[in-house]
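The values are calculated or read from the model by the stated rules, or taken from the named source; none is laboratory data. Only a predicted model underlies this, so the values are computations on that prediction, with no experimental measurement involved. Every residue, glycine among them, receives a Cβ derived from its backbone with ideal geometry; neighbour counts consider all protein chains shown. For accessibility, only protein heavy atoms count, side chains too; no ligands or nucleic acids. Shrake-Rupley method; radii C 1.70, N 1.55, O 1.52, S 1.80 Å.
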Amino acid sequence: MERLTAENYLEGQILLIDKPLKWSSFQAVNKLKYALINKVGLPKKFKIGHAGTLDPLATGLLLICTGKFTKRISELQGQAKEYTGTFFIGATTPSYDLETEVDQTYPFDHINEALIHETVKQFLGEIDQKPPIFSAIKKDGVRLYEHARAGETVEIAFRKTTIHEFEITRIELPEIDFRVVCSKGTYIRSLAYDFGQAMNSGSHLTALRRTKIGNYNVNDATDVTLFEDQL
């Protein structure tokens, strides 16, 4: 990694970070922020932010912008994103992933490869998607996950999103591996839930990795701790 100066970071950099499992995106940004302050000598109030949240249970590409490049965050967030991961068929969870325990089980012995590949076609192009109740979207000024943790029921509106590519890469029921390229605002957890429903069963997300944002690739990203060590 090329060693940059404080001036370089203030002028603007896009840092490609491979977010570890169980870290929040905020934690990753904070880790880098204090490393840059302590090791490079950046002022405490320098600008830094990420271009698109990754859930703690997801790994992969996080674009972190510094200095003047924080103005590019909206532009970067709007680019198509690629994810890989695993659906677990036959069970649902309230959060649509492993953050919460299984709340319902469903039969899946009627599901075969032909049905899986046929169902994929329903989700290509522009679709209506309902975000998970365990998400950071605000409803009446309160984040949905706060309503969920308080046991409150709220009406969540459908949102338009676009699935550009949806490929099944492994079928070993009850697990299905996938690759998805989608627009900003797509919830892969919701895709997991809806995919199970479309096959008259249930499904939740057990693994997720963001591999691309626009032309940026996780193969070019650096682990947070390694980045800090190289400063």
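Going through (1) at pLDDT 95 or above; (2) of a type outside the set (A, V, I, L, M, F, W, C); (3) out of contact with any Gly (no Cβ under 7 Å at 6 or more places or on another chain) one by one, T105 falls short only on (3). Whenever a residue of the range 214-231 is surrounded by 12 or more Cβ atoms within 10 Å (Cβ to Cβ), its partners that are part of a helix (DSSP H, G or I) and not aliphatic (A, V, I, L, M), lying with C-beta atoms within less than 7 angstrom and at least six residues away or across chains, give the pairs V224/K31; E228/K31; L231/K39. The C-beta contact set for the range 200-211 (first residue assigned to a strand (DSSP E or B), second residue open to solvent by 40 Å² or more (accessible area, probe 1.4 Å) and β-branched (V, I, T), distance under 9 angstrom, 6+ apart or interchain) comprises H204/V102; A207/T84; L208/T84; R209/T84; R210/T84; T211/T84. Residues of the range 108-122 include at least one that is over 16 Å from the mean Cα position of the chain (by Cα) and aromatic (F, W, Y). Once the range 35-67 is narrowed to residues that are part of a helix (DSSP H, G or I) and touching a Ser or Thr at 6+ places or on another chain (Cβ under 9 Å), the residue that is least open to solvent (accessible area, probe 1.4 Å) is L36.
Only one of the listed residues (T206, T162, T169) is closer than 24 Å to L76 by Cβ, β-branched (V, I, T) and either surrounded by fewer than 16 Cβ atoms within 10 Å (Cβ to Cβ) or out of contact with any Lys or Arg (no Cβ under 6 Å at 6 or more places or on another chain) (or both). That residue is T162.
In the set L32, L76, only one residue is over 21 Å from T162 (Cα atoms), touching a Leu at 6+ places or on another chain (Cβ under 9 Å) and either in a helix (DSSP H, G or I) or acidic (D, E) (or both); that residue is L32.
Given the options K81, K47, name the one that is at pLDDT 95 or above and within 12 Å of the chain's Cα centre (by Cα). Selected residue: K81, the only one of K81, K47 that is at pLDDT 95 or above and within 12 Å of the chain's Cα centre (by Cα).
Is it true that some residue in the range 153-175 is assigned to a loop (DSSP other than H, G, I, E, B) and at pLDDT 95 or above? There is at least one residue in the range 153-175 that is assigned to a loop (DSSP other than H, G, I, E, B) and at pLDDT 95 or above.
In the range 71-83 there is at least one residue that is among the acidic types (D, E) and more than 30 Å from G41 (Cα to Cα). Looking at this structure, is F87 assigned to a loop (DSSP other than H, G, I, E, B) and in contact (Cβ under 8 Å) with a residue 12 or more places away in the chain? Against the criterion (assigned to a loop (DSSP other than H, G, I, E, B) and in contact (Cβ under 8 Å) with a residue 12 or more places away in the chain), F87 does not qualify. Within the range 15-29, the set of residues being part of a helix (DSSP H, G or I) and in contact with a Leu (Cβ under 9 Å, 6 or more places away or on another chain) comprises S25, A28, V29.
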